[in-house]
Each structure stands twice: as C-alpha cells, then as structure tokens.
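Peer 1: I have a structure here, written as structure tokens, and I will follow up with some questions on it.
The values are calculated or read from the model by the stated rules, or taken from the named source; none is laboratory data. Values in this document were obtained by computation on a predicted structure and should not be read as measured data. Don't worry about glycine lacking a Cβ; one is built from the backbone with ideal geometry, like all the others, and counts go over all protein chains shown.
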Amino acid sequence: MRIVKYILKRLLHSILVLLGLSILVFIIARVVPGDPARMALGPRAPEEVVENFREELHLNDPIYIQYYHWIKGAVRGDFGYSILTKRSVTSDIKDFFPATLELMLLTGVIMSIFGILLGIASARNANKWPDNVVRVFSYLGVCTPAYVFAILFLLIFGYLLNILPTIGRLSPAIDQPPTVTGLMTIDSLIAGNFRAFGDALKHLIMPSFALALGPMAQEARITRSSMADNLQRDFIALERTQAIPERTIMSKYLLRISVIPTVSVLGLDFASQLGWAFLVELIFNWPGLSRYGIQVILNKDLNGIIAVIMVIGVMFLVVNIIVDIIVSLLDPRIRLGAERSA
Amino acid sequence: MKKKLLDIQNLEVGFTVYGGYLRVLNGVYFDMVEGEKVGLVGETGCGKTTTAKSILKILPVPPARTTCGTIFFKGKNILTMSKNEIRNIHSHEISMIFQDLTAALNPVFTIGDQLMTAIKYSNFRYGMSKREVRKKAIQALKEVQLPDAERILENYPVQLSGGMRQRICIAMALATRSTLLVADEPTTSLDVTIQDQVLRLLGALIQEKDTSTILITHSLGLVREWTQRVYVMYAGVMVETANTAELFKNPLHPYTKGLMAAVPKLTGEGIAAGIEGRIPDYLHPPSGCRFNPRCPEAMDICKKEKPPYFDCGDSHKTACFLYRD
Amino acid sequence: MRIATTAAEKPLAPGIRERIRKGWYTFSQNPLSVVGAVIIFLVVFIAFFAPFISPYPEHAGNFVDFDNASQPPGKTHLFGTDVFGRDILTRVFFGFRLSLIMGVVVISLTAPVGVTLGLIAGYKKNTWVETLIMRITDIFVAVPPLILALAVAAILTPNIFNSMMAVSLMWWPWYCRMVYGIASSLKNEFYIQSAEVTGASTLHILFREILPNCYGPVFTKVSLDMGWVILLASALSFVGLGAQPPTPDLGTMVADGGKYMPDQWWIAVFPAIAIMFVVFGFNVMGDGIRDMLEVEKG
C-alpha cells in the first residue's frame, strides 16, 4: 500500500514538473528568431501560402494561446506537425522511439550489471592487479565522453578489424522481422528468426557499450569503495564471530548493503546517458529518438524539439521512480523514515 | 584449581598504514581461568579493541600483522589454527559484543534474519530445523527482557532504540552458549539511564550461565563493580594486573595511580587531576617503557629498556622498573 | 565515570598556514590527486601561454596551407596537421585555452547564482519561496543537462558565447540543490537559532553563518565541475553548436576529424585525448580536494 501511495505522489509531482518543463521549453522555443512557416515551406513558396500556414500553426497568436493549442493537442497525443519530416510529430516519435528504447535498455543493463560485477571483483581483489586495472579503467571511463568511445569503437571494431557493423540496426541483407514490440532483438526472437536476432545484437553492441562504459566505470568505483568501506564495519566482524560462512557473508550480507549507493546513482547516470545518446545515435546513424532529436534541434523544428524533450523527460521520470523503488526496497532505513535516537 | 581458559603471551600486532607501520600491541600478556570475570581497562586508543579482535581473529589481515606471540585458548594456539578450527571456536566457544551500536547490526536485514542466522551457525554441527531456530531466537530475546519478541524479529535495526539494539547484541552473543564472552565497551554508546539497566542485565545473565567474560572498558567504576580481576592497559602493553579489590586499594604502576587520581571523588576533594601528555604516536613509539614520557617517576632505565612483569604479591603484577625488587 | 587523562592539552587554534600545510599533506597522500594537480597546472600553463609556446601560433586562426595538409605526426608537426594544413598541436593548445575559459565563465556564472538560490531556499524552508525555487530546479533537472543545453544552443545562433549561456542555464540547478540540502539541514542548528534570536538579519545568517559550511562541498564540486562543463561544451561543439570555424575548439576538432577516420586518425584522436586529459585531471584533483576537505572536517 505504501508503495502505491509513493508512486502516486511521485507521478503527481512529475506531471507538474513535466508541465513546467513544457512551458519552459515552449517559451524558449518561441523566442527563436526566424519564421518556422517559411522554413517549412521553403523560400520559393508564395507569401499567401506561407501566411495561411502561419495561421494554421497559430504563429500569429499570443504565446499563451499557442501554448493552449499545443497542450490541447499534446493531451490527445498530437504533438503537431514536424517541418523537418513533413508529417505529424507523433508518428515520428512512434517510429523512432523503439530504437532508442532498445538501445537504452541494453545500455542500462550493461552499465548496472557489469558495473556492479566489476566493482565486486575489484573489492574482492583489493590492491591486487584486477583491482588496479579496474581502478584505472574507472578513472578513464568517467572522463571520456561517450562520443569519443563511439568514435574509437567505430575505428577499431568497425573499420580496422571490421567485425562489427557501423550503421543502423540491421544489415540490409537481412529481412526485418514483423514489428511486435519495436525492439529488433525481441521481435526477431518472437518470430524465431535467429539470424536477424544475431544481426540486430551485433548492431547494438557498439553504440550501447559506447554509452555504457562511462557509467559502468562510475558504478564500479562506487561499488568498490562501498564494499571496501562496509568490510570494515563492525557488523561484518560480528558476522564472522558468529561462524557464518565467508561466502554467505560476502554474497548476502555485504552485497546488499554495498550496492545501495550504486543503485541510487544509476538513475542519474542513466539520465546523463540519455543526453549523450544524442551524439552516439548520430555517429552510428541509429534511427532513434535521439538522432531525430538532434535533427529537429539543428533544424529548429519547434514541435519536434518540444515533443522529444517531453518524451525524454518521461523516460527519465520512469527510470527515476523505478530506481527509487528499488533503493527503498533494498534499504529499510529509507523505507521506514528517520532513525529513532539511540 | 580451575583450568586456564585463555592465555596470551607476548602478543605483538601492528598495522601497515599510508605513513608507515603502527606498532600497536607491544607484547601483551593476558590470562584467565574458566568462570572468571576479568576487566580490561585503558583509555581510548590503547589497543583494547585490537586485543579483543585478535582473540577472535577478526582483525583485517592485510593492514594488520601479528608479528609475534601466542594466544592459547583451551590449550590450543588460536593464531595457528586452521580455518575450520576457528569456525568451531566462533560458533561454540567465543562470542563478542561490539562497542559501536549503530554499526554492530547490519542495517538492511531484519533482526530475525541476523539473530536466527547467528543461532543457526552456532549449532551448525547439529543442524536445527527452521522452527527450532526461531524458537531459540524468541527465547533468547525473552532472556534479555525484550517485550514482544515476535514483532522484534520482523523489525529492522533502524526501528529500535539503542538500548534494545544492545540487548539484541547481548542476546546474539549469549544465545550461542559460548564459553567466553568478550564485551567491548558494551554500554559506552548508550544513554546513562539505560547503561545501568543493560549492565545489570548483562551481569545477571553472565552470572546465570557462568560465562567467562572479558569486560573491556575505559570506566574504572564499571570494572570495580563487575569484575574479579583487572588488567590495566596502556599504549599496547599491560602495565598492571591484580584482583579488582587489591588494584583499587593498592595501585602500583604510575599510570594506574594517575587513572585513579583522575576519577572525581564523591567526597569532593578538589578537581580531579589529569595525566600530562597524550597517548604515544604508534608510528614512532617511545623506546623503553611506552609510558616514560608522561610518567612522573620516570628513571633513566625506563627510556632504554622495556620493563618486564614484576611480581608484587598475590596475582598482582606490574610492568614498572620502580618495583624491581 | 570517565577518566580525564589528558587534562593539560595544548589549546587547538590552527592558523591558516597550518591548515594549508595539513591540507597539502592529506592531498599529497594520494599520488593520483597529485598527478591531477600537476595535469591541471600544466593545462593552465599551456592555456595561458598558448600564443608563446605553440610552435605555429598562426595556425590557430584563419590559416591554410594545402601543401602541408593531412601530415601524419612527425618531427615538424608533433600531432600532425589537419586537412587545412594547420598544426594540430598548436590548435590543441589553443583549444585548452577555450575550454578553460568556458569552464571558468560557466562556473563563475552558475555557482554564485545556484548557491545563493540554494541558501535562500534551504533557509526559508516551508515557505512559498522554497517551493518556488525548488520546483523551478526540479524542472531543469527533469531532463538530462545535455539535451536542454543542446536545445537552447540550437535556438540561439551557434557561437561560443551562446553555448556558454546554454550550459550555464543547465548548470545552476545542481549548485542550488546541493546548497539547499546543506542549508536546510543546518537550519535547525543552535547557532542559527541563536543568531536569529539576537536579531541578525537574514542576509547575515545566510552568508556569514550557513555559507561557510558550504565552502567545502561547493569547492569540491567546482573542481569536479570544470571537467564536466568542458565535456558538455565539447559535446555542443561536436554537433556544431559551439565555437565556429576557424576557432580551435576541442569538440569541433573531434567532430571534424571524425570524418577522416580511420586514415587520418590523428586529426580526431589527439583532440579527443586532450579532452580526456583535462577532464581526467579535474576529476582526479577534485577527488583529492574532496578527501582533503573530509579529513579537515573529521
């Protein structure tokens, strides 16, 4: 029951925040000099057509009216018309979102699981060579932007070694499986098409690792220091005096409390990767929401920009709520409120 | 003649840290027989906890190093025991109560989980069923006078007060029916009003189960009330040991004398005196007797040689050249 | 009963010099932090004296020399030349200059604003002021910083100044939140309440009582942030929204060089390594500063 109340509270808060965000972006977007209608129709279009179009887009109305129209549409799922793709933004989003979702899902899985595993390996071999390797990696990983990793991967695996494909989600030679979820990998599995599955996976590896390496390094570092800290604590010593097998102490008692700080950071890290995805999708020509986002940004397609930001905001929100729930499940101190004084 | 339970000889333990090597324990001697309640007194930082952890072999071994000495428990040297033998010791023979309450219990697991796990592994040779373990857990909680034991099993440490948490730690330590209990400052982090309660409880339980106990504390008052024999520790060495009554009547070592004098007397004779100086830097400890920089009666030989124990009467020994008779 | 054993102790009143010495000792304990400090010192030095120590200072501007274009790294050009014949080493040096300037500008703008707002919001807890400020920060942090920065930068004309503005707009909420956390937890401390009771003005309380407690975390954040801001700015210029050609900007150089991979790899790789270098330095030095401040506290 408590959890449901918590989720509802968060949702309400988030909706308000998203609303505020939309207003903010809307205001910023309308500040742009330039004429979206003219830009959409091109320099050769006759003035009356452009003027008509301007009326259609409500560009001559005061800004709050424009916002009103936008909200009316947005609530129905209609985000307006994209001057870039010349069709409704909603269908653009429907087309491109699954690709980004697939990419971010894999990225999230890699960065959390590998990050924690690396951190554990590092802590268990403290000050020996695996630990030092992981520590060097974590320092470098954190300060390297994802796009640098992307370019490096492209160079090494794509061109030099030529073992991984460099563009898109599926090789041209392979038939695309029928769209069920929009996630190429899942759809291939559903269709039983293992060739497509393997191919889709090969396409996914480079971009997701490029995005995942940075946070993975961060998670490893946090996990390691958290484990090292907790190993010193009295409760671990106590558990040893109680003859609990070392394996149980490590895998149960130490692990759960040590991953809490890591999981808390996961949400933020995931969010920042959503940002870097914009560049990585561009580099790999990944037909996702982020690449679309970059394109609408560079082309000042206002409807597109606002819609993309909203969608990303929602993604971020959902991830945060999930992460918060997991953390409060793991850590009773948070669940049960403030500590009573000793 | 009761059997010797624990016999520590010339224990030297150090820690490798960033700046060098901390030579903490510099030849510790300690012994006790079954059924005894022995106090270990000293100021913070003198090595009491390190000694305790050495006995239980839970020192973090990479930074910590035992360079010399033996710890005989029931005739076998703990320091050379195999892992299995140590496990045996832990589950049946020795248990420990820790000082820092907020850290002694794992915050993300229920009391029940931790208590029942402790009980389960204390009797791992006999393999109890889950129901039996739970029954024992509830019984243990009742022994420490915790009400509503069933509910407490489901609680997390954060939901309980300090006094309750300490009782649970006591319950965990005593539920295993160990031969020896090492209590490291069991009431230091509690409110004064609770301290007495918990101590009485602990005292009663030890009495009832006839558990040999090492009571580690910096409080002379506790020692006077609860122990039969006392070791006074300073900077990694035992400077004096005697039966409790004898120690208070006739302290010999200058440090012990200083400690006694530092306690404010109820008769209100002026302000309690302190001892000049601070505990030594373990990176560069003073040569000879480690107390010599602060000792009001230091002699030349004190700076050069480490004083051995000198017998001064019935079980009364002190490591001070003043008593070189 | 406690034993008073150290009654006659020296009174503790560490002077500034002592604190600096102690601080440096802690800082230098971790060799990595020292490496970071050295790196940053190097970068600052290079940035400062770029025109004087670069081998070909003219190459930082509008310069073409197609005879020497796309030379691999060699004796005359340590990092090689780009497609316009410009020496990459020189441009990296000037690139450092730009990055540092951007970092300093952005942080000088965002830190004071963010910190002040955080102080106010934390102190005036449970009033409309707090709600307003924190809701606004919530809006800004609901989206990954890069995205909003991209959007803002795209809407304005692409140049260095505007990209700095875009990043600044995204950055201040993080300072605000951090200081808000500290201020609201301190609000109920006794010395704050006693200051209130004796009639201290709000301004005094905010800046003379609460603010000193924030110096440590803020300073640590500033040193770590320099790295992040440089990273963000490089991302903006990577997509063309930052410095415009021919200004040498590390991000732009990576983007431009990306086109010529893998054959003329040096055009992109060296600027990329330069970015990593400077960010690494700030990260590691920031960690050291954090450790140093923690030891001082404890």
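Peer 1: What number of residues within segment A:292-318 satisfy the criterion of being assigned to a helix (DSSP H, G or I), touching a residue at least 60 places away in the same chain (Cβ under 8 Å) and within 11 Å of another protein chain (Cβ to nearest Cβ)?
Peer 2: Here the count works out to 14.
Peer 1: Quick check: anything in segment B:134-154 touching a Lys or Arg at 6+ places or on another chain (Cβ under 8 Å), touching a residue at least 12 places away in the same chain (Cβ under 8 Å), closer than 17 Å to A:Asp234 by Cα and not in a helix (DSSP H, G or I)?
Peer 2: No, segment B:134-154 contains no residue that is touching a Lys or Arg at 6+ places or on another chain (Cβ under 8 Å), touching a residue at least 12 places away in the same chain (Cβ under 8 Å), closer than 17 Å to A:Asp234 by Cα and not in a helix (DSSP H, G or I).
Peer 1: Cβ-Cβ below 7 Å, separation at least six or inter-chain, first residue in segment B:97-120 and at the interface with chain A (Cβ under 7 Å from one of its Cβ atoms), second of a type in the set (D, E, K, R) and in a strand (DSSP E or B): which pairs?
Peer 2: Note: pairs meeting the criteria are B:Phe98/B:Asp184.
Peer 1: Tell me, which helices (runs of 4 or more DSSP H) lie completely within segment C:110-211 with 2 or more residues that are exposed (fewer than 14 other Cβ atoms within 10 Å of the Cβ) and more than 13 Å from chain A (Cβ to nearest Cβ)?
Peer 2: Of the helices (runs of 4 or more DSSP H) lying wholly inside segment C:110-211, those with at least 2 residues that are exposed (fewer than 14 other Cβ atoms within 10 Å of the Cβ) and more than 13 Å from chain A (Cβ to nearest Cβ) span C:190-197.
Peer 1: Shifting gears a bit: Test of understanding: among C:Ala274, C:Ala233, C:Ala243, which residue is more than 8 Å from chain A (Cβ to nearest Cβ) and either charged (D, E, K, R) or more than 18 Å from C:Ala151 (Cα to Cα) (or both)?
Peer 2: The unique qualifying residue is C:Ala274.
Peer 1: If you don't mind, there's one more thing I want to ask. What residue, of B:Leu190, B:Leu202, B:Leu222, is assigned to a loop (DSSP other than H, G, I, E, B) and buried (at least 19 other Cβ atoms within 10 Å of the Cβ)?
Peer 2: The conditions single out B:Leu190.
Peer 1: Continuing with this model, one more query. Scan segment C:30-47 for residues that are of a type outside the set (A, V, I, L, M, F, W, C) and free of Cβ contacts under 8 Å to residues at least 24 places away in the same chain and jot them down.
Peer 2: Selection gives C:Pro31 alone.
Peer 1: Can you name the number of the only condition in (1) over 30 Å from B:Pro280 (Cβ atoms); (2) surrounded by 14 or more Cβ atoms within 10 Å (Cβ to Cβ) that B:Gly75 fails?
Peer 2: If we test B:Gly75 against (1) over 30 Å from B:Pro280 (Cβ atoms); (2) surrounded by 14 or more Cβ atoms within 10 Å (Cβ to Cβ), just (2) comes out false.
Peer 1: Further, regarding this structure: If you check B:Thr70 against the conditions, is it more than 14 Å from chain A (Cβ to nearest Cβ) and either surrounded by fewer than 14 Cβ atoms within 10 Å (Cβ to Cβ) or hydrophobic (A, V, I, L, M, F, W, C) (or both)?
Peer 2: no
Peer 1: Against the definition (surrounded by fewer than 13 Cβ atoms within 10 Å (Cβ to Cβ), more than 21 Å from C:Ile155 (Cα to Cα) and at pLDDT below 75), how does A:Glu48 come out, yes or no?
Peer 2: no
Peer 1: Separate question: Consider B:Met81 against the criteria (1) surrounded by 20 or more Cβ atoms within 10 Å (Cβ to Cβ); (2) in contact with a helix residue (DSSP H, G or I) (Cβ under 9 Å, 6 or more places away or on another chain); (3) of a type in the set (A, V, I, L, M): it satisfies all of them except one. Which criterion is unmet?
Peer 2: (1)
Peer 1: Filter segment C:234-268 down to residues that are acidic (Asp, Glu) and surrounded by fewer than 24 Cβ atoms within 10 Å (Cβ to Cβ) and give me whichever is nearest to the chain's Cα centre (by Cα).
Peer 2: Checked segment C:234-268; the qualifying residue nearest to the chain's Cα centre (by Cα) is C:Asp256.
Peer 1: Counting only residues that are without any contact (Cβ under 8 Å) to a residue 24 or more places away in the chain and surrounded by fewer than 22 Cβ atoms within 10 Å (Cβ to Cβ), give me the helices (runs of 4 or more DSSP H) lying completely in segment A:121-227 with at least 2 of them.
Peer 2: The qualifying helices (runs of 4 or more DSSP H) are A:129-143, A:184-191.
Peer 1: Find the residue count for segment B:121-143, including only residues that are within 14 Å of chain A (Cβ to nearest Cβ) and within 12 Å of B:Ile168 (Cβ to Cβ).
Peer 2: Summing the residues that are within 14 Å of chain A (Cβ to nearest Cβ) and within 12 Å of B:Ile168 (Cβ to Cβ) in segment B:121-143 gives 2.
Peer 1: Now, a different point. Using the structure shown, decide if C:Ser223 is within 11 Å of another protein chain (Cβ to nearest Cβ) and touching a residue at least 24 places away in the same chain (Cβ under 8 Å).
Peer 2: no
Peer 1: May I pose another question? Report yes if B:Glu143 is over 15 Å from B:Leu101 (Cβ atoms) and either buried (at least 20 other Cβ atoms within 10 Å of the Cβ) or not aliphatic (A, V, I, L, M) (or both), otherwise no.
Peer 2: yes
Peer 1: Of the residues that sit in segment A:63-80 and are aromatic (Phe, Trp, Tyr) and part of a helix (DSSP H, G or I), which one is nearest to A:Ile23 (Cα to Cα)?
Peer 2: A:Tyr67
Peer 1: Does B:Arg167 satisfy being more than 9 Å from every other protein chain (Cβ to nearest Cβ), over 17 Å from the mean Cα position of the chain (by Cα), within 29 Å of B:Glu43 (Cβ to Cβ) and buried (at least 23 other Cβ atoms within 10 Å of the Cβ)?
Peer 2: Against the criterion (more than 9 Å from every other protein chain (Cβ to nearest Cβ), over 17 Å from the mean Cα position of the chain (by Cα), within 29 Å of B:Glu43 (Cβ to Cβ) and buried (at least 23 other Cβ atoms within 10 Å of the Cβ)), B:Arg167 qualifies.
Peer 1: Please go through segment A:270-286 and pick out each residue that is more than 10 Å from every other protein chain (Cβ to nearest Cβ) and either assigned to a helix (DSSP H, G or I) or not polar (S, T, N, Q) (or both).
Peer 2: A:Val280, A:Glu281, A:Phe284, A:Trp286
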